[in-house]
Amino acid sequence: MGVNKPAIEPYTDVTIENIFKTVEAVCAFKELRNLNNLPSVVAWDSIANTETAKARTTDDINATIGLKARMLSQLFPRYLPKMKQYKISIIAVNQLREKLEMGMYSPPADLQHMGNKDIPGGQAVKFNAFHLLYLRNRGDLKFEQYGFNGIKLEAFFVKNKFFRPYVPVTLLVDFNSGISNFWTNYNFLADCKKLQAGAWNFLLSLPEKKFRTKDAIDLYNTDVKFKTEFDKCVKESIQTELINKSPTPASGTATSE
């Protein structure tokens with residue numbers, strides 16, 4: 001997320017109760033320092049692996065079945081208004097699991113494009129989320145081609161209150177530094193036929209600047225003309241290929257940033 005100044009030390013002794021105590025503490029801190037209008041983020045990794053305090057102290061599994069879901073169904077509605085008041089967002093990682101089929105019939109799909117997958121935490125997680133982003137691996141990136149090791153991730157929102165959901169985007173991820181905005185844009189331009197990719201690559205609007213794939217980011221960082229044209233093509237392609245082809249809900253807005 002780019003949070004490195006100052007470096008933060010993750011809090012690892014996490015329970016469901018502690019997550020919302022953290023939100024409460026952030027609210028109190030912002031009130032004390034008069035920082036109510038400063039946006040804040042609580043990053044939670046992950047919902048699936050976070051237990052309740054009771055689950056940590058009992059050996060009776062039956063006593064805690066469904067407890068997490070029941071607790072979240074009470075805590076989310078209670079804290080969402082407060083988070084809105086203090087401009088606090090929770091970004092939570094979760095896991096995909098196979099839906100359990102009991103009886104003759106398969107359970108109905110409550111979220112489109114998730115197939116037979118579901119997420120832990122009960123219905124409250126799905127109903128109270130502002131966005132739900134679905135990520136899946138679409139293959140490895142070769143060091144010889146890109147100059148780093150990583151993967152391609154297909155990403156799309158199965159729930160989105162700002163823009164139409166189910167618009168797939170391919171994210172390129174460097175294992176060392178995370179999602180790369182440049183390489184994601186590079187791949188996007190190639191998919192949109194605005195960039196010729198092969199042994200030698202070039203922007204169709206700037207054919208005189210030829211380069212090998214792994215040298216693309218160096219050219220972007222050192223050649224002002226190439227950088228300007230590259231950024232222009234990205235903005236135009238986002239507008240024509242995503243925004244114009246995907247009308248926003250009446251109550252939402254879209255941006256090319």
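The listed residues are Ser73, Ser89, and the only one of them that is in a strand (DSSP E or B) and either within 22 Å of Ile16 (Cβ to Cβ) or free of Cβ contacts under 8 Å to residues at least 12 places away in the same chain (or both) turns out to be Ser89. What are the residues in the stretch 1-58 that are out of contact with any Ser or Thr (no Cβ under 8 Å at 6 or more places or on another chain), without any contact (Cβ under 8 Å) to a residue 60 or more places away in the chain, of a type outside the set (Lys, Arg) and assigned to a helix (DSSP H, G or I), if any? Scanning the stretch 1-58 gives Asn18, Phe20, Thr22, Glu24, Ala25, Ala28, Phe29, Glu31, Leu32, Thr57. Return the residues of the stretch 1-36 that are exposed (fewer than 10 other Cβ atoms within 10 Å of the Cβ) and at pLDDT 90 or above; say none if nothing qualifies. Those that are exposed (fewer than 10 other Cβ atoms within 10 Å of the Cβ) and at pLDDT 90 or above: Leu32, Arg33, Asn34.
Exactly one residue among Phe226, Phe182, Phe148 is at pLDDT 90 or above, assigned to a helix (DSSP H, G or I) and within 23 Å of the chain's Cα centre (by Cα), and that residue is Phe182.
Looking only at residues of the stretch 73-117 that are surrounded by 11 or more Cβ atoms within 10 Å (Cβ to Cβ), closer than 20 Å to Ser46 by Cα and of a type in the set (D, E, K, R), we find that the one that is modelled with the highest pLDDT is Arg97.
Taken over the stretch 209-218, the residue count meeting the criterion of being in contact with a helix residue (DSSP H, G or I) (Cβ under 8 Å, 6 or more places away or on another chain) and either in a loop (DSSP other than H, G, I, E, B) or buried (at least 17 other Cβ atoms within 10 Å of the Cβ) (or both) is 4.
Being surrounded by fewer than 18 Cβ atoms within 10 Å (Cβ to Cβ), under 13 Å from Phe226 (Cβ atoms) and in contact with an Asp or Glu (Cβ under 7 Å, 6 or more places away or on another chain) is the filter here, so list the residues in the stretch 174-208 that pass it. Answer for the stretch 174-208, where residues must be surrounded by fewer than 18 Cβ atoms within 10 Å (Cβ to Cβ), under 13 Å from Phe226 (Cβ atoms) and in contact with an Asp or Glu (Cβ under 7 Å, 6 or more places away or on another chain): Ser205, Leu206. Listed conditions (1) open to solvent by 30 Å² or more (accessible area, probe 1.4 Å); (2) hydrophobic (A, V, I, L, M, F, W, C); (3) not in a loop (DSSP other than H, G, I, E, B) are all met by Phe162, apart from (3).
The values are calculated or read from the model by the stated rules, or taken from the named source; none is laboratory data. Remember, it's a predicted structure, so these values are computed and weren't measured experimentally. Methodologically, a virtual Cβ is constructed for each residue, glycine included, from the backbone with ideal geometry; neighbour enumeration extends over all protein chains shown. Note: areas computed on protein heavy atoms with side chains; ligands, DNA, RNA excluded. Shrake-Rupley method; radii C 1.70, N 1.55, O 1.52, S 1.80 Å.
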